[in-house]
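Novice: After the structure tokens below, expect a handful of questions from me.
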């Protein structure tokens, strides 16, 4: 098994590509070991001193490190853990329905037309670009012209995430949906 790594715009986050599917659908983001009870691989990665976040996408894993740790020290342990986990045939998640599937949110039947348009644009134009950087974006709401979004994975805490939200996503949504006046990050 050969695992590739890619840098992300966030210097504290590295993207690992194991060359096989990671999650069948949706994404899962863990900011602490306690939140990863249904994710054996995330639990093992959190055992590595300095790992502060684990994000699973369709075919990648994004790891966030503590500020005082260096990648050249962490990377061999992370690669070994990922390789051993997949070669042993262990599951990434023990209960896949627990994955925070942003795609499942997109199929809400109660959405009005504007919210449906926002989610469609996020799914088709934003999410693929954000995934290339090792992250995801989750729709949290639309109220009084303001779209609330939550960044995950490499995008959470990234120095350029505010610019991505304001310059990229906000401008695109305002262009296609006149009812959108602003995009804000939600907690």
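The values are calculated or read from the model by the stated rules, or taken from the named source; none is laboratory data. These numbers were taken from a predicted model, which means no experiment stands behind them. Heads up, the Cβs are rebuilt from the backbone with ideal geometry, glycines too, and the neighbour counts pull from every protein chain shown.
Novice: Are any residues in region 169-180 assigned to a loop (DSSP other than H, G, I, E, B) and surrounded by fewer than 13 Cβ atoms within 10 Å (Cβ to Cβ), and if so, which ones? Break it down into steps so the answer makes sense when it comes.
Specialist: As a first pass, look at region 169-180 and keep what is assigned to a loop (DSSP other than H, G, I, E, B): 177-180.
If the condition is that a residue be assigned to a loop (DSSP other than H, G, I, E, B) and surrounded by fewer than 13 Cβ atoms within 10 Å (Cβ to Cβ), then 178 is the only one that fits.
Novice: When region 1-15 is examined, which residues are found to be outside any loop (DSSP other than H, G, I, E, B) and surrounded by 20 or more Cβ atoms within 10 Å (Cβ to Cβ)? Lay out the reasoning, then the answer.
Specialist: Quick first cut of region 1-15, residues outside any loop (DSSP other than H, G, I, E, B) only: 4-7, 13-15.
The answer is 13, 14, 15.
Residue-wise test of (1) modelled with pLDDT under 95; (2) out of contact with any strand residue (DSSP E or B) (no Cβ under 9 Å at 6 or more places or on another chain); (3) assigned to a helix (DSSP H, G or I); (4) farther than 30 Å from residue 180 by Cα.
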| residue | (1), (2), (3), (4) |
| --- | --- |
| 24 | yes, yes, no, yes |
| 62 | yes, no, no, yes |
| 79 | no, no, yes, yes |
| 118 | yes, no, yes, no |
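Yes/no matrix, rows are residues, columns are (1) surrounded by fewer than 18 Cβ atoms within 10 Å (Cβ to Cβ); (2) under 14 Å from residue 29 (Cβ atoms):
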residue: 137; (1), (2): no, yes
residue: 146; (1), (2): yes, no
residue: 153; (1), (2): no, yes
residue: 164; (1), (2): no, no
